[in-house]
Amino acid sequence: MKKRNIVVTPALPYVNSRLHIGHILEHTQSHIWASFQKMRGHNVKFVCAGDSHGTPIMLSARAAGVPEKDYIGQINKQQLQTLNDFGFEYDNYSSTDTETNKKFVYEFYNKMKESDAIEKRTIDQLYCEKEQMFLPDRFVKGTCPKCGAEDQNGDSCDNCGATYSPMDLGNPRSVTSGEKLVVKKSEHIFFKLNNYRDFLKEWLPAHTSKEIANKMKEWFNEDLRDWDISRDKPYFGFEVPDEPGKYFYVWLDAPVGYISSTAEACAKTGEDVNDYWKNSDSEVYHFIGKDIIYFHTLFWPAMLKVSGFNTPNRVFVHGFVNTEGEKISKSKGNSFTLKSYLDNLDSQYLRYYFATKLSSKPNDIEFTFEDFMQRVNSDLVGKLINLGSRGAQMLHKNFAGKCSEIDPNSSELINDFIKASEEIAGFYEATEFSKVTTLVRDFTDKSNQYFDSLEPWKLVKTDPEQVQKILTTLLTLFKTAVIYLKPILPQLAKDTEDLFNDTPYSWDSLGFSLAGKEIKPYKHLMKRIDKKQIEAIRNDASNVTKSTKAKDSKAKKEKPSATPKEISIDDFIKVDLRVAEVVKAEHVEGADKLLQLTLNVGEEKTRNVFAGIKSAYTPEDLTGKYVAFVYNLKPRKMKFGMSEGMVLAAGAGGKDLFVISPDKGAKPGDKIK
């Protein structure tokens, strides 16, 4: 088998907070895949770095009263320690705030200029005179320009789901200072993304999953927008060469960190980074969440193309971690700290659990403590660990830990397990990790059945020689299963290597013989989860929620409702209200508050509408319902697709939302007068 040069990366964690369970999901997925490739004998660089620039970090460092470099150094160290505690081992873990990364960022920028992919343009921006800085979207709030809801985010409305420019907000103010913002002009630097439209349109379907490629198609219905790659001072980042007071936008230098971290990994081994990023035979694989596909499947490939680096062979995309149908968050009371988890449970349990859920599709993962506990106790400990425990303890008790030949009657079971190696390898290659765990679980189930059917604890009194063979068979099956699961459970593999006095396992370790081998006395490899451990983590989640709600309550200030501006009858009759029938309603992947509605409006073609009513209605509640609908509202492009109108609802929000429906007798398409 030809050795491959492979770069594997999770997305870079932002160095402004502690890590959460979503990070562990992503690093689990990427680390499993990288570890499998290493077991197959390939040259793999599993690299990552802290995403260390941007306005949020600058403001957090100010609030902490420390220099930005000290701040990111401390947070980066904390994050890496957490990742190491979960068993993630990197060939290099760096920061985007390094001289190595700066060198590569400048190389990219120079290549962009040489390729006529850079343009300067004066734009309007929101400016806080008190803080003396331009503010990014996330630090701006105001009135939604679509529905009039107050206190909405700088780029999207939680009430109606609209997306917009912060310049369109009414009464914009700073999130940090509360000051009203003013508009100022500034010259910015843009990357002409549309120059690479044809390349990206062809590249996308070949290097992402079908689901992601279909999702990204909507961006090609029109020209790709130029990408603003500069920010004005004050800003924490790399200054743009020959542009005083201008800094590179964090999303430009962050992905370049994949290359600079690889370069640092190569420096440790005396290799050349170009053998991994500029060699046509080398391979690059990114593992990311579905919330950042735009950057990784449009901007990043275009940057690589213009700069002469390899584009990714594949961008693997995973979903969110949900519990009871909701995305995990502190405010909802369904979150817990990683420290609390590590204080109470083995990190391998969560790695295994995620592996049982992960596939090649970007589906959300439903996490419940009950399901988590059942899979660990029943499948992992009850089936797999049980094999090693029963076999090793009985072998030491009766045969001083010495193995013999296998039971001849078990050869078919063992051979079938070994023959599955290429099927399992195919599952790993395709990131179908749930299929790996299912197949191995089924074999461990059969192995336990084999052992139980022979009752060696009874047979040992009359035929000890046969029992030694049975125990050797059981341990052969156990060790085979551990080798298959080493990418998922690296610590279990190390402990098993120690038990059997083995060197580190590779894929070539399969097909071994234990005949005549002595094993060490058995030590507990894993223990079942106790309900008390789960309760301790649940209590932590509850405390996190109380703390968050207390902060939110303190931060909230009652605002008097503004008197609506009067309109004339001429203004009112411009709005065409009609009756519509909801023929289909469904959840929107990646959206916490939206439902996607297909409406019959009395015409041959249906209308597609995104409505921010998920907090009050399920899709089943709405299907077949008649609703009031704004017929002539200009369609608007949202990140989930095109919305062709608006469904009317009343209420305070949250669960107190009520869709407005006509009396019986009204038909789809009827005008509301």
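The values are calculated or read from the model by the stated rules, or taken from the named source; none is laboratory data. All figures in this text were calculated on a predicted structure; none of them were measured in a lab. Please note: Cβ atoms are built from the backbone with ideal geometry, for glycine as well, and neighbour counts cover all protein chains shown. We work out accessible area using only protein heavy atoms, side chains counted, and drop any ligands, DNA or RNA first. Shrake-Rupley method; radii C 1.70, N 1.55, O 1.52, S 1.80 Å.
Can you put Glu129, Glu366, Glu264 in order of accessible area, largest first, using a 1.4 Å probe?
These residues rank, largest area first, as Glu129, Glu366, Glu264.
Given labels modelled 7 Å from the Cα in the Cβ direction, how far is it in nm from Ser411 to Asp70?
Each label point is offset 7 Å from its Cα along the Cβ direction, giving 7.1 nm.
I'd like the isolated cysteines in the chain, meaning no second cysteine's beta-carbon lies under 4.7 angstrom from theirs.
Within the chain, the cysteines lacking a partner Cβ under 4.7 Å are Cys48, Cys128, Cys266, Cys403.
Hey, what angle do you get for helix 464-485 against the long axis of the chain, alpha-carbon based, 0 to 90 degrees rounded to 10?
Long axis of 464-485 versus the principal axis of the chain: about 20 degrees.
What accessible area per residue, rounded to a whole number of Å², is obtained for the chain using a probe radius of 1.4 Å?
About 47 Å² of surface per residue is accessible.
Under unit Cβ charges (Lys, Arg +1; Asp, Glu -1), what dipole magnitude, rounded to 20 debye, does the stretch 260-312 have relative to its Cα centre?
220
Under 18 Å from a label point 7 Å along Cα→Cβ of Lys527: give me every residue in the stretch 337-374 with its amide N that close.
Taking a point 7 Å out along Cα→Cβ of Lys527, the residues of the stretch 337-374 whose backbone N falls under 18 Å are 340-350, 373-374.
What percent do you get for the relative contact order of the stretch 257-397 when only Cα pairs under 8 Å and 6+ apart count?
Rounded, it is 19 percent for the stretch 257-397.
Label Arg538 and Met167 with points 7 Å out from Cα along Cα→Cβ: what is the distance between them in nm?
Distance between the two pseudo-spin positions: 5.2 nm.
At a Förster radius of 45 Å, what calculated FRET efficiency corresponds to the Cβ-Cβ distance of His42 and Glu455, to the nearest 0.05?
According to the calculation, E is roughly 0.50.
Rounded to the nearest 500, what is the chain's calculated 222 nm mean residue ellipticity when only DSSP H runs of at least 4 contribute -39500 (n - 2.57) each, over all residues?
So the calculated ellipticity at 222 nm is -12000 deg cm²/dmol.
Where does each of Tyr90, Tyr349 land when they are ordered by accessible area, with a 1.4 Å probe and the largest first?
Descending order: Tyr90, Tyr349.
Which FRET efficiency value, to the nearest 0.05, is calculated for Asn194 and Asn214 with the Förster distance at 22 angstrom and r the Cβ-Cβ distance?
After rounding to 0.05, the efficiency reads 0.55.
If I stretch the segment between Lys3 and Ser156 completely, what's the gain in nm (0.36 nm per residue apart, minus their alpha carbon distance), one decimal?
50.4 nm
Taking the Cβ-Cβ separation of Ile418 and Asn313 as r and a Förster radius of 51 Å, what is the calculated FRET efficiency to the nearest 0.05?
Step by step, r from the Cβ atoms, then E = 0.95.
Solvent-accessible area of Glu620, probe 1.4 Å, all protein chains present, reported in Å² to the nearest ten, please.
The value for Glu620 is about 140 Å².
Of [x] 100, 68, 49; [y] 74, 60, 54; [z] 116, 63, 50, which one was derived for Cα extents along the principal axes in Å from the structure shown?
Matching entry in [x] 100, 68, 49; [y] 74, 60, 54; [z] 116, 63, 50: [x].
Quote to one decimal, in nm, the extra length available between Glu518 and Glu603 on full extension: 0.36 nm per residue of separation minus the C-alpha distance between them.
Between Glu518 and Glu603, full extension yields an extra 22.7 nm.
Over the heavy atoms of Trp227, what accessible area does a 1.4 Å probe trace out, to the nearest 10 Å²?
20
In nm, to one decimal, how far is the Lys130 label point from the Met642 one, both placed 7 Å along Cα→Cβ?
Placing both labels 7 Å beyond Cα along the Cβ direction yields 4.3 nm.
Rank these residues by their accessible area, most exposed first, probe 1.4 Å: Lys383, Lys180, Lys593.
From most accessible down to least: Lys180, Lys593, Lys383.
Which is farthest toward the positive dipole end of the chain among Val601, Ile293, Val315, measuring Cα position about the Cα centre, with Cβ charges +1 (Lys, Arg) and -1 (Asp, Glu)?
Positive-most Cα among the choices belongs to Val601.
Calculate the dipole size of the stretch 154-227 relative to its Cα centre from +1 charges on Lys and Arg beta carbons and -1 charges on Asp and Glu beta carbons; express the result in debye to the nearest 20.
Result for the stretch 154-227 is approximately 120 debye, rounded to the nearest 20.
Cα axis of helix 531-555 to longest principal axis of the chain: angle in degrees, 0 to 90, nearest 10?
20
For Thr618 and His587, compute 0.36 nm times the residue count separating them, minus their Cα-Cα distance, and round to one decimal in nm.
10.3 nm
Dipole of the chain (Lys/Arg Cβ +1, Asp/Glu Cβ -1, origin at the Cα centre): which of Ile414, Gln533, Met133 lies farthest to the positive side?
Gln533
Within the stretch 1-55, what whole-number % of the accessible surface is contributed by carbon and sulfur, with the 1.4 Å probe and all protein chains included in the calculation?
48
If amide hydrogens are placed 1.01 Å from N in the peptide plane, which non-local residues have theirs closer than 5 Å to the one on Ile672?
Amide H neighbours of Ile672: Leu577, Arg578, Val579.
Can you pull the accessible area of Thr444 for me, 1.4 Å probe, Å² to the nearest 10?
Roll a 1.4 Å probe over it and Thr444 shows about 0 Å².
Quick one: pull the percent of accessible area on the stretch 346-401 belonging to carbon and sulfur, 1.4 Å probe, ligands and nucleic acids left out.
C and S fraction of accessible area: 46 percent.
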